[in-house]
Every structure is written in structure tokens, then in C-alpha cells.
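To start, the structure itself, in C-alpha cells.
Every number here is computed from the coordinates shown, using simple stated rules; none is lab data. Remember, predicted model here, so these are calculated numbers, not experimental data. Positions of Cβ are backbone-derived with ideal geometry, glycine not excepted, and every protein chain shown enters the neighbour counts.
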Amino acid sequence: QGKFWKITLKRSPIGLHPQTRENARALGLVRRGHIVYRPISNELAGMILKLKELVKIELVDKVEPLKSKAADGFEVIGRMNPQIASGSKAAKTLLPLRKRD
């Protein structure tokens with residue numbers, strides 16, 4: 001038995017009823033392919049039912065940390081300072097990389 005729901009947004013709510021879009025936003029689903037972990041509860045079950053055609057649900061025992069993946073042949077050696085990266089969206093996605101031997 002899992003303790004959390006792993007919720008993945010498989011289809012965009014653009015063009016759907018505003019209440020449907022608000023439910024997706026309330027669950028923390030921002031963009032297609034976005035994954036969130038939520039504890040199992042009756043309130044969330046009702047919200048998920050309204051989005052059943054848009055999401056994929058899995059039961060998991062623990063929340064898995066999301067990992068940034070480096071390109072093949074490189075490895076992530078650190079994170080950027082959020083104060084430096086706050087200026088632009090592009091800067092937030094940059095990671096310091098080192099070529100693997």
C-alpha cells in the first residue's frame with residue numbers, strides 16, 4: 001500500500017473549463033509532464049476525479065527527489081545560486097557541469 005500519489009499531468013488543461021484548470025493548478029500541476037507527490041486524502045481524490053482524463057496516478061511509498069539530468073558524457077557538480085539565477089528563466093535551468101573521464 002502506497003502512502004502518496006504520484007500525479008503526472010499527461011494532457012494540458014488549456015481550452016478546458018476554468019474550474020478544471022483551477023483544479024490542476026491547485027494540485028500543483030503547472031505544465032504537461034509535470035510530476036507532483038501528494039498524500040492520500042479524500043479531498044485530493046475528488047480533485048483528481050475531475051482531472052481523471054488529464055493525469056496519470058501511481059501509488060508510491062515515498063517521495064522520490066527529482067533529479068536534474070546532465071547530457072551524456074557530463075555530470076552535475078553543483079547548483080547555481082538562486083539569487084544569481086533569479087534574473088531570467090534561462091539562467092535557472094543552467095547547471096554547472098563537468099566532463100566525465
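Brief remarks on what is shown
- The order of the peptides 10-17, 22-29 by mean Cβ neighbours within 10 Å, most packed first, is 22-29, 10-17.
- In this simple spin-label approximation, residue 19 and residue 50 carry label points 7 Å from Cα along the Cα→Cβ vector, and these lie 0.7 nm apart.
- Each Lys or Arg adds one and each Asp or Glu subtracts one; over the other residues with Cβ under 12 Å from the Cβ of residue 4, this totals +1.
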